[in-house]
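These notes are about the structure you will find just below.
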Amino acid sequence: MGMRREAVQRGRVPPSQPPSLPGQFSLTNGEAAMSAAAAAAAAAAGFNGHSYLSSYISLLLRAEPYPTSRYGQCMQPNNIMGIDNICELAARLLFSAVEWARNIPFFPDLQVTDQVALLRLVWSELFVLNASQCSMPLHVAPLLAAAGLHASPMAADRVVAFMDHIRIFQEQVEKLKALHVDSAEYSCLKAIVLFTTDACGLSDVAHIESLQEKSQCALEEYCRTQYPNQPTRFGKLLLRLPSLRTVSSQVIEQLFFVRLVGKTPIETLIRDMLLSGNNFNWPYAMNTM
């Protein structure tokens, strides 16, 4: 059974049926939940004299379009999702990453060409962070099916290669989950990933580098204040970021998005999501739905 047409309209995907997580993917509910989470995180961190850091992290949290921490708690590791549910969840996570970037401090002020270049480079890293935050089920069989490897005869070496990439994806998600990263830390990590100077053709490299440094300082201060008994926590979190690039963006695209968008390049989707926002319409791949 293919994904429902209404599931890919206007830039967001409604919950799959049966609705085990009612209302959790509404942008309105998400904004309200994340605003409350932002206030709670700032208060719990006890920044007091560090109003900029408290405000910055709060704004990063408020930018989250979906309450990922809430629906993550409802997803158990042994939950096996159907192919359509996996693809719909992946669509939410990708849209969430772009929508979050559109609403965080400083990013909307960058040149549009820089915004597009940054998101095209790091979308897969943001996707992995979102997948970890929401405890996305990553079971091999439904993922292979979602990639279409069960639909037609496939060379054994290609199946093995895909399974290896899935294993790498699983390992990165599990290592993040093992650190018990909280919502404020996830938002800071995503900001550090997003404000990278590795993208080609950036018009203001120095400014983007300063934004990454601001995000790192915010995370360091948060870890020191919120987790005083874990002096190495900030370093452990930062060390997780380089390995996110070991997860192939092409494999993520094949695993989760071919059924939804067909041959539309993911880079095109990223640009269209960024420029269209909530008015974005997902392509409807008639031959795969």
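The values are calculated or read from the model by the stated rules, or taken from the named source; none is laboratory data. All values reported here derive from a predicted model rather than from experimental measurement. Here the Cβ positions follow ideal geometry from the backbone for every residue, glycine too, while neighbour counts run over all protein chains shown.
From the set of residues in the stretch 268-289 that are assigned to a loop (DSSP other than H, G, I, E, B) and within 24 Å of GLN111 (Cα to Cα), which is modelled with the highest pLDDT? Result: PHE280.
Considered as a group, the residues in the stretch 200-223 that are exposed (fewer than 15 other Cβ atoms within 10 Å of the Cβ) and polar (S, T, N, Q) include one that is nearest to LEU110 (Cα to Cα), and that residue is SER203. Applying the condition of being surrounded by fewer than 16 Cβ atoms within 10 Å (Cβ to Cβ) and acidic (Asp, Glu) to the stretch 122-169 and asking which residue is modelled with the lowest pLDDT yields ASP157. Within the stretch 84-95, not a single residue is touching a residue at least 24 places away in the same chain (Cβ under 8 Å) and under 21 Å from ALA218 (Cβ atoms). Among residues of the stretch 236-265 that are under 29 Å from CYS223 (Cα atoms), those with a beta-carbon under 7 Å from a residue that is aromatic (Phe, Trp, Tyr) and part of a helix (DSSP H, G or I) at least six positions away or on a different chain give the pairs VAL247/PHE169. Select the helices (runs of 4 or more DSSP H) contained entirely in the stretch 187-263, then report the ones holding at least 2 residues which are charged (D, E, K, R). Here the list reads 205-226, 233-240. Filtering the stretch 195-206 down to residues that are of a type outside the set (A, V, I, L, M, F, W, C) and touching a residue at least 60 places away in the same chain (Cβ under 8 Å), which residue is nearest to ALA97 (Cα to Cα)? It comes out as THR196.
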